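Remarks on the structure that follows.
Please treat every number below as a calculation from the coordinates, not as lab data. This is a predicted model, so every value here is computed, not measured. Note that we place each Cβ from the backbone using ideal geometry, even for glycine, and neighbour counts take in every protein chain shown.
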Amino acid sequence: MKKLLILDTVSLINLLERCVSRDLVKDLFLSGYGMFIVAEVRNEFLEKPAEIGLKLFLKSKENGVIKIIDFDQEEIDVSVLRKLKGLDLGETVSLLFWLKNQDYEFVSDDNAVHKILEREFSLHCLWTTSLLQEMIYSTKFTPQEASAVYQEMKDHGFWGIKNPDFKEK
């Protein structure tokens, strides 16, 4: 199982609210992904979602599809915090957690997160659209289905990288 650490509420909202024709979280789970968020991202998400996003989140949490990480932040290397300037609380705690548990891939639809990860840590971060591409590779979606899901997400306020080019391997 690939472990995805979802760094921000934007990605959760994109996955849980922007596509109502499919349960993208379940599709990802069936494609072999485990989704993890720190408690701070959960708390930020619970302040924002529409009813459909909240229902899908609670269902995914109850089914163990999305797992909440309680992270003890007492042993934080304060020097690292300078590198994380410009991130919100959820993103910061997620990255601090990752520094102690590095077997996760990152997901974020925040351009600042991508830039900071690359510049400060030489790390790659997936976009939500990257996950759609991964589902094409795992044969859960055709490129046409991924494009249709992306268009639906855009129609419902998707925020993230624009105009992906979905293709088969």
Note the angle between two axes, namely the Cα long axis of helix 89-100 and the longest principal axis of the Cα atoms of the chain, as a number of degrees from 0 to 90, rounded to the nearest 10. 70 degrees
Return the percentage of antiparallel bridges among DSSP beta bridges fully within the chain, rounded to the nearest 5 %. 0 percent
Cβ density ranking, 10 Å radius, fewest first, applied to ARG42, ARG119 yields ARG119, ARG42
Calculated from DSSP H runs of 4 or more alone, at -39500 (n - 2.57) each and per residue, what is the 222 nm mean residue ellipticity of the chain, nearest 500? -15500 deg cm²/dmol
Cα gyration tensor of the chain - equivalent ellipsoid semi-axes, whole Å, descending: 26, 18, 15
Tilt of helix 143-155 relative to the longest C-alpha principal axis of the chain, in degrees (0 to 90, nearest 10)? 70 degrees
Check: C-alpha center the range 92-136 vs C-alpha center the range 1-36, spacing in Å is 14 Å
Relative contact order %, the range 65-157, counting alpha carbon pairs below 8 Å whose residues are six or more apart: 18 percent
To make sure I understand the rule: partners must be aspartates and glutamates, Cα under 15 Å from the Cα of LYS59, and not fewer than 8 residues away in the same chain. Which ones qualify? GLU17, ASP23, ASP27, GLU51
Against the longest alpha carbon principal axis of the chain, how many degrees, from 0 to 90 and to the nearest 10, is the axis of helix 51-62 turned? 70 degrees
Which of LYS48/LYS100; LYS3/LYS167; LYS2/LYS140 exceed 25 Å between C-alpha atoms? The answer is LYS48/LYS100
Output the relative contact order of the range 2-155, whole-number percent, from Cα pairs under 8 angstrom with separation of 6+ residues. 33 percent
